[in-house]
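Read the structure below first, then the notes.
Values quoted throughout were computed directly from the atomic coordinates according to the rules given, and no laboratory measurement underlies them. Remember, predicted model here, so these are calculated numbers, not experimental data. So basically every Cβ, Gly included, is an ideal-geometry build from the backbone, and we count neighbours across all protein chains shown.
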Amino acid sequence: MRRKLLIITIMFFLFFLLLSGCKNNEDKSEKIIGNFKNLDSYSCDVDMKIQNDKQTVSYKGKQFYDKRYGYRFELENNRVMVYKDNNIFVKDLKSGFKYSTDKNFDSVFKLSFIGEYVGLVYTNEKIKVSSKTIDNKKYEVISLDIPGNNKNINKANLYIDADNEKPEYLSIYDWRDTEKIKVQYSKFDFNKELNKNLFVIE
């Protein structure tokens, strides 16, 4: 009798722990999604790798995002790109040459901005949040489809550090689930007050 009672007690305890763990994971996921939806601005360093059929191309730079002003991408010491309204304003830092183009001209660098995915979280019906441990580090992973007809840019997984709740890297896949773009984020500063002039090409 005592043995049966002990077994029942242990099973009840394990069941309680399982339920508590699931509840904590749900709460953590909801909190991270909430923070993500309330992202008004940020700055960070990026290390970006783009894989094509022949090679892997690497870029480093610094990003700024403000939902009022747009995006700014400082691409190493080569050029600055400001995404504003329906245009991209570009300045070549070596020659000083400036020009603008339609925002649809760029389908790669724009997708490296976390701000691009804030809107998708509200509108994407197939968004999924899961927990994953990589090299003993816990992440909350936001998975969503990328709208459009580009087969090379089909869906994305955004990995958010479960401890500090900051984005750490983004993987973008083609229709075959092959990783085509990977962006590593560092020095991520949430809801930072940014100068409006950052989003003006001078």
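Pairs with C-alpha atoms separated by more than 23 Å, drawn from the list Lys49/Lys192; Lys54/Lys126; Lys54/Lys138; Lys110/Lys138; Lys37/Lys110; Lys84/Lys166, are Lys49/Lys192; Lys54/Lys126; Lys54/Lys138; Lys110/Lys138; Lys84/Lys166. Spherically averaged projected area of the convex hull of Cα atoms, segment 62-193: 9.3 nm². Cα centroids of segment 74-90 and segment 122-158: 26 Å apart. A simple packing score, the average count of other Cβ atoms within 10 Å per residue, orders the peptides 84-94, 110-120, 51-61 as 110-120, 84-94, 51-61, with the highest score first.
Scattering from segment 35-120 was approximated by placing one identical point on each alpha carbon and applying the Debye formula without solvent; log10 I(q)/I(0) at 0.11, 0.12, 0.15, 0.24 1/Å stands at -0.31, -0.38, -0.59, -1.33. Restriction of the chymotrypsin sites (Phe, Trp or Tyr not before Pro) in segment 126-202 to DSSP coil positions whose beta-carbon has at most 14 other beta-carbons within 10 angstrom yields Trp175.
Write out the GluC sites (Glu not before Pro) in segment 165-194 meeting two conditions: DSSP loop, and at most 11 other Cβ atoms within 10 Å of their Cβ. Working shown, then result.
On the way: sites: Glu165, Glu168, Glu179, Glu193; in loops: Glu165, Glu193.
Listed in order of number, the matching sites are Glu193.
Stokes-Einstein diffusion for segment 102-159, with the hydrodynamic radius set to the Kirkwood value over Cα pairs and evaluated at 37 °C in a medium of 0.692 mPa s, equals 259 µm²/s. Among residues other than Arg68 with Cβ under 9 Å from its Cβ, the summed charge is 0 (Lys and Arg +1, Asp and Glu -1). All Cα-Cα distances of segment 77-116, cut into 10 Å bins from zero to the largest, leave 29, 54, 18 percent in each bin in turn.
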